[in-house]
Amino acid sequence: MKEELNADKIKKYLKTDFIGSGIIVLNYIDSTQDYALKHLQSLNNGTLVIAESQNKGKGRLGRVWHSPYGEGIYMSLVLKDSFKPDILPQITLLASLSLTKYLKTQYGLNFRVRWPNDILIEHDKIAGVLAVMRDGALVAGMGINVNQNLQGLPEAAASLFLLLGKNCDRNKIAARFLNCFEEDFYCWRSEGYKYLKKLWLDFASLKGQEVIVHTNSGIVEGVVEDLACDCGLIIRGSMGFHIELNVNDLVKIREIFYE
Ligand code: BTN
């Protein structure tokens, strides 16, 4: 049976201090991200906006996030702190790594982050993160494919239903992930880059990986060596030179695998 989204059910599973202190459940909305940004002034720190469907779900670089009714988790989390403007790539990566850690721990499957915001299983995308900053506050948008069957998914995408062969309770998943995210958020706030790097080594897929990167200024081929302090990706090019790939420059990153 498919559960409907329900604020009380989400609360039942939450063990957080401030995340989910307010929960807004919507049925039909253009985008939870736009809703949260529009109401940012009046929403408290930790408010969760979650919807049954979105008709203008947004991904990175203006891409569409497919959001069929009652199937996936489409949520945006409002974070109000004294954030510096350069914090955005860190929060994007933190949320992606935390979501991957949660999914991997919960389901024992090999989920991984493809820098900076794609959560993959094998080569298929199961979740994505989109963080936006406005007036010093942050809105972290997350989409997770949960109960979609093949028809409800775009190309090269996976869902928990397809992986596990059963429907999952989205209230429980959203809450349990948020429990995990709040812990990671606190650790990141006290340890900063050091904590992100630790998560990156555990849950990101690209270290040592050969990649072709499409950027705004051309194509780079090389091997991923490290995560820079500002969350850029350090790549050793085929001629031995190093470049730091900034998230704002990234159009597409493709991993090269040899049979
Ligand atoms: C990506 O992979 O490019 C990011 C996808 C982020 C999708 C989520 S769904 C909830 C929130 N509302 C949106 O319009 N987008 C984010």
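Confirm whether V64 is in contact with a helix residue (DSSP H, G or I) (Cβ under 7 Å, 6 or more places away or on another chain) and among the hydrophobic types (A, V, I, L, M, F, W, C).
No.
With the condition being open to solvent by 50 Å² or more (accessible area, probe 1.4 Å), within 19 Å of H66 (Cα to Cα) and not hydroxyl-bearing (S, T, Y), I'd like the helices (runs of 4 or more DSSP H) fully within region 146-216 carrying at least 1 qualifying residues.
Numbers: elements: 160-164, 170-191, 193-203.
Passing ranges, in order: 160-164.
For region 128-162, which positions are in contact with a Ser or Thr (Cβ under 9 Å, 6 or more places away or on another chain) and free of Cβ contacts under 8 Å to residues at least 40 places away in the same chain?
The answer is V129, N149, L150.
Across region 64-114, what is the number of residues that are within 16 Å of the ligand (Cβ to nearest atom) and in a loop (DSSP other than H, G, I, E, B)?
Within region 64-114, residues that are within 16 Å of the ligand (Cβ to nearest atom) and in a loop (DSSP other than H, G, I, E, B) number 8.
When only residues in region 115-127 that are touching a helix residue (DSSP H, G or I) at 6+ places or on another chain (Cβ under 7 Å) and either part of a loop (DSSP other than H, G, I, E, B) or not β-branched (V, I, T) (or both) count, which is nearest to the ligand (Cβ to nearest atom)?
N117
Select from region 38-58 the residues that are surrounded by 19 or more Cβ atoms within 10 Å (Cβ to Cβ) and either within 12 Å of the ligand (Cβ to nearest atom) or among the charged types (D, E, K, R) (or both) and list them in ascending order. Even if it seems obvious, please write down each step before you answer.
The initial filter retains those residues of region 38-58 that are surrounded by 19 or more Cβ atoms within 10 Å (Cβ to Cβ), namely 43, 46-52, 54, 57-58.
Residues satisfying the conditions are L48, V49, I50, A51, E52, Q54, G57, K58.
Can you tell me which of A131, A140 is open to solvent by less than 10 Å² (accessible area, probe 1.4 Å), at negative phi and near the ligand (Cβ under 10 Å from one of its atoms)?
After applying the criteria, what remains is A140.
Against the condition on the phi < 0 side of the Ramachandran plot, modelled with pLDDT of 90 or more and touching an Asp or Glu at 6+ places or on another chain (Cβ under 6 Å), how does V213 come out, does it pass?
no
Can you find a residue in region 21-33 that is away from the ligand (no atom under 13 Å from the Cβ), in a loop (DSSP other than H, G, I, E, B) and under 27 Å from E183 (Cβ atoms)?
Yes, there is a match, as at least one residue in region 21-33 is away from the ligand (no atom under 13 Å from the Cβ), in a loop (DSSP other than H, G, I, E, B) and under 27 Å from E183 (Cβ atoms).
The values are calculated or read from the model by the stated rules, or taken from the named source; none is laboratory data. Just so it is clear, the model here is predicted, and its values are computed rather than measured. Note that each Cβ is placed from the backbone with ideal geometry, even for glycine, and that neighbours are counted across all protein chains shown. Accessible surface areas use protein heavy atoms only, side chains included; no ligands, DNA or RNA. Shrake-Rupley method; radii C 1.70, N 1.55, O 1.52, S 1.80 Å.
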